[in-house]
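Asks: Structure provided below as structure tokens; questions to follow.
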Amino acid sequence: MSMPIPKIPIGKWIEQLIDWLIENFSFITKSISNVTETGIDGFIDILMFFPPWIMIIIFTALAWVITKDRRIGIFTVFGLLLIWNLGLWGATMTTLALVLVSTLISISLGIPLGIFAALYNSFYRIIMPILDFMQTMPAFVYLIPAIPFFGLGAVSAAFATVIFAMPPAIRLTTLGIRQVPIELIEAADAFGSTKLQKLIKVQLPIATPTLMAGVNQTIMLSLSMVVIAAMIGAKGLGSEVWTAIQRFKPGMGFEAGLGVVVIAIILDRITQGMSKKTEKQN
Amino acid sequence: MPKIKVENLTKVFGPNPKRAFPLLEKGLSKDEILEKTKLAVGVGGVSFEVNQGEILVVMGLSGSGKSTLIRCLNRLIEPTSGKILIDGEDITNISLDQLLELRRKKFGMVFQRFALFPHKTVQQNAEYGLEIQGVERNIRAKKAREALELVGLKGWESNYPDQLSGGMQQRVGLARALAIDPDILLMDEAFSALDPLIKREMQDELLALQSRVQKTIVFITHDLDEAIKLGDRIVLMKDGKVVQEGTPEEILTNPATKYVEKFVENVDMSKVLTARTVMKKSGNVAYPKDGPRTVLHKMQEAGISSIFVVNKENRVQGVVLAENAAEAIKRGEKDLTNIIETDIKIVEPETPVHDLFPLMTDIRYPLAVVDDDRKLLGVIVRGSILAGLAGGGN
């Protein structure tokens, strides 16, 4: 049963807004799209340049060196070998490239925004509800308008992923800086630090562990979104899952899902290892 | 010209703080003003002066406005009205650049909870002030090392603050402030977070240090014992106002208001405590065979200005003052006969603390606590009595 007062045409307004944006700004977004696409393709090319066994050695070495944990090294070897064995190597590298590019964009936007929000209360008050909105709106919704701006494929996927994955980078950067004890801020001020000196020499170093936790969150969210983004034509593990759904092939879906799990665990442990390292330095 | 001169300084927290002024002028209390205007008066019209080389202790309980006051001096908190003259120049309306310059060159600040940077080593912490001034790396490293040596932290440079005890951390805090060679040291409850033994040690060291560096120090505390021990003068605050200002003696003997009286008279558990409970067991004694040089050395080692002379049975023979020992050395004397004062005041361990005060007023050395055989049990300085009273005995 519908309400006696007429429906508020929110959907229509949004569509009009998007139409207007497309008409006036799609030339910008298209060029962004080209740049990003080149970036993602470049990344995939690099990851695919070496045969899998060399990449497996490189990843394992990285994981081991960063985490200093032999078990994670071992997990990396066998996890990646499994992926290779299942014939998912190409898809996995595509997904990884997309995750890395999205994360890079999210962090390079998110950390400065987070710093800004931490330092300027008015900006904080504006951005926090926006972040709430970004995080609670179902992620699929971003996929729809992404297409007219960025076209089908990887860039739209990256766009939606960035929107979805950036909030924790902003939030935790802000949190990390705001958590710096007031007496340390006072100490920095008492010795005559400028705002920038205070930020670089005191606030950011002390906030780093929290900031790294934000980076970790961003990577994890990117990974989950990149899979969903298969619906708008992003290649990789997600598209394997998507195909499996459409053709009702539970085995195929499970295999691809397993690949995502392996990548998630490796990335998570590596970034956690990095944030522990910075914590120790503190 | 006084080094620091504060004129009618007022800090009111809250929107549109000047609303509180007429009420303050009428003499309303902090609580009344809060009730009427929702404004919190931190400091309500405080004036005082600090001379070059002087330690001024601002004392008060929590909520008295003392922490706000000290933060107004370097404008970590912006005063609402009033003047702060440093070397005769009003700093309440200088530009931000001038303010940074002033903080960098003139003020060193030491904090209650140390406020060391956890990600920097002891050395890097001590360098901080110089680092932000853009002092060249070698010079600042050298100055920081000197400051650390001054506070007795040589050899700890590459440690991180969390590897140090509280007392040592505060030494780093002190070194960080001293490294920039400021004219003025602002010490905000600098020793309040330390346990009593370490606290006393740090107080002694601050005094020793001060006799060498002669800074102008504003020291905040809530501890009367500390105020009396450190202060050349004491400003006593309550509810954002000064209730009494004077030398420790003046405040102890002539409390200006009931409030001060209560502070001082806290003291009157003094009838319960005895000399034994407040005395310090002194390991530092001289012997009749010692020469002036040895005796002076012992005093310097222990950081004391007088020393008791005991014979082999530990019986008290007399006392030697550091200045007399120094004179004797100049005169080339080899023994203590000319400088030992034998007519000294001694007390029994069971003497109530209450009866010690009159004995202590006109002597320049501690009281000796002796047993029936005149054997030295311990010594009592004024500070230890007050510490004993504050802590209910050691």
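Values quoted throughout were computed directly from the atomic coordinates according to the rules given, and no laboratory measurement underlies them. Bear in mind that the values here come from a model prediction, so they are computed numbers and not experimental data. Using ideal geometry, Cβ is built from the backbone for each residue, glycine included, and neighbour counts are taken over all protein chains shown.
Asks: Per-residue HN-Hα couplings for the range B:37-43, Karplus 6.51 cos²θ - 1.76 cosθ + 1.60 at θ = phi - 60°, whole Hz, x for Gly and Pro?
Replies: Computed from phi, the couplings for the range B:37-43 are 10, 6, 9, 9, 7, x, 10 Hz.
Asks: Place a label point 7 angstrom from the Cα of B:ALA208 along the Cα-to-Cβ direction, then list the residues of the range B:185-201 whose backbone nitrogen is under 20 Å away.
Replies: Residues B:190-192, B:194-201 qualify, since their backbone N sits under 20 Å from the label point.
Asks: Residue by residue, what Karplus-based ³J(HN,Hα) values in Hz, rounded to whole numbers, does the range B:138-150 have, using 6.51, -1.76 and 1.60 with θ = phi - 60° and x for Gly and Pro?
Replies: Here the 3J(HN,Hα) series is 5, 5, 5, 4, 5, 5, 5, 4, 4, 5, 5, 5, 4 Hz.
Asks: Which aspartates and glutamates, on any chain, are close to A:LYS235 with Cα under 12 Å apart, when same-chain ones fewer than 8 places away are left out?
Replies: In chain and number order, the partners are A:ASP41.
Asks: Just the C-alpha atoms of the range B:1-52: what Rg/Rh do they give, with Rh taken as the Kirkwood radius?
Replies: On the Cα set of the range B:1-52, Rg over Rh gives 1.10.
Asks: Which value in deg cm²/dmol, rounded to the nearest 500, describes the helix-derived mean residue ellipticity at 222 nm for chain B, given -39,500 (n - 2.57) per DSSP H run of n ≥ 4 and division by the residue count?
Replies: It lands at -11000 deg cm²/dmol.
Asks: Compare the Cα positions of A:SER26, A:GLY87, A:ILE185 along the charge dipole of the range A:21-281 (+1 at Cβ of Lys, Arg; -1 at Cβ of Asp, Glu; about the Cα centre) and return the one farthest towards the positive end.
Replies: Toward the positive end, the furthest listed residue is A:ILE185.
Asks: Count the DSSP beta bridges whose two residues both fall in the protein assembly as shown, then state the antiparallel fraction as a percent rounded to the nearest 5.
Replies: Among the beta bridges of the protein assembly as shown, antiparallel pairing accounts for roughly 60 percent.
Asks: In addition: In a Gaussian network model over chain A where Cα atoms closer than 10 Å are linked, find which of A:PRO168, A:PRO145, A:PRO129 has the largest mean-square fluctuation.
Replies: A:PRO129
Asks: Looking at chain A as a GNM with Cα springs under 10 Å, which of A:TRP84, A:TRP13, A:TRP64 has the largest mean-square fluctuation?
Replies: So, out of A:TRP84, A:TRP13, A:TRP64, the one fluctuating most is A:TRP13.
Asks: How shielded is B:109-119 by partner chains, expressed as the average number of their Cβ atoms within 10 Å of its Cβ atoms?
Replies: 5
Asks: If the cut-off is 20 Å between C-alpha atoms, which lysines fall inside it for B:LYS142, apart from same-chain ones fewer than 8 positions away?
Replies: Straight-line reach from B:LYS142, under 20 Å: B:LYS105, B:LYS106, B:LYS120, B:LYS154.
Asks: Once you compute Rg and the Kirkwood Rh from C-alpha atoms, what is the Rg to Rh ratio for the range A:22-163?
Replies: Looking at the range A:22-163, the ratio lands at 1.06.
Asks: Whole-Hz Karplus ³J(HN,Hα) for the range A:246-260, in order, using 6.51 cos²θ - 1.76 cosθ + 1.60 and θ = phi - 60°, x for Gly and Pro?
Replies: Result, rounded to whole Hz: 5, 9, 6, 10, x, x, 4, x, 5, 4, 5, x, 4, x, 4.
Asks: Along the principal axes of its C-alpha atoms, what lengths does the range B:275-391 span, in descending order and rounded to whole Å?
Replies: That gives 43, 27, 23 Å along the principal axes, largest extent first.
Asks: Mind telling me which of B:LEU28, B:LEU194, B:LEU367 comes out most flexible in a GNM of chain B, alpha-carbon contacts under 10 Å?
Replies: Ranking B:LEU28, B:LEU194, B:LEU367 by mean-square fluctuation puts B:LEU28 first.
Asks: Apply the Kirkwood formula to chain B: the hydrodynamic radius equals the inverse of the mean of 1/r over all pairs of different alpha-carbon atoms; give it in Å with one decimal.
Replies: Answer for chain B: a Kirkwood hydrodynamic radius of 23.1 Å.
Asks: Let me ask something else. Sorted from largest to smallest, which semi-axis lengths in Å does the alpha carbon gyration tensor of the protein assembly as shown give for its equivalent ellipsoid, taking the root of 5 times each eigenvalue?
Replies: 68, 33, 22
Asks: Also: Counting helices only, and only those DSSP H runs with n ≥ 4, report the 222 nm mean residue ellipticity of chain A as the sum of -39,500 (n - 2.57) divided by its residues, in deg cm²/dmol to the nearest 500.
Replies: When only DSSP H runs of four or more count, the value is -28500 deg cm²/dmol.
Asks: Shifting gears a bit: How many nm separate the modelled label positions at B:ASN311 and B:SER29, each set 7 Å beyond the Cα in the direction of the Cβ?
Replies: Going by the 7 Å Cα→Cβ label model, 6.2 nm.
Asks: Which lysines have a Cα lying under 19 Å from the Cα of B:LYS238, excluding residues fewer than 8 positions away in the same chain?
Replies: B:LYS11, B:LYS26, B:LYS30, B:LYS66, B:LYS258, B:LYS262
Asks: Can you give the extra length, in nm with one decimal, that the chain gains between A:ILE147 and A:ILE265 once fully stretched, where that is 0.36 nm per residue apart less the Cα-Cα distance?
Replies: This chain segment gains 39.4 nm when fully extended.
Asks: Continuing with the same structure: I'm a student and want to see the number: the projected area of the Cα convex hull of chain A, averaged over all directions, in nm².
Replies: 19.7 nm²
Asks: Run the simple label-point estimate for B:ARG374 and B:LEU359 please: 7 Å along Cα→C-beta, distance reported in nm.
Replies: Taking the simple label geometry, B:ARG374 and B:LEU359 are separated by 1.6 nm.
Asks: In nm, to one decimal, how far is the modelled label at A:PHE123 from the one at A:VAL35, with both set 7 Å along Cα→Cβ?
Replies: Placing both labels 7 Å beyond Cα along the Cβ direction yields 2.0 nm.
Asks: Right, next: What's the magnitude of the charge dipole for the protein assembly as shown around its Cα centre, counting Lys and Arg as +1 and Asp and Glu as -1 at the beta-carbon? Answer in Debye, nearest 20.
Replies: With Lys and Arg at +1 and Asp and Glu at -1, about 1200 debye.
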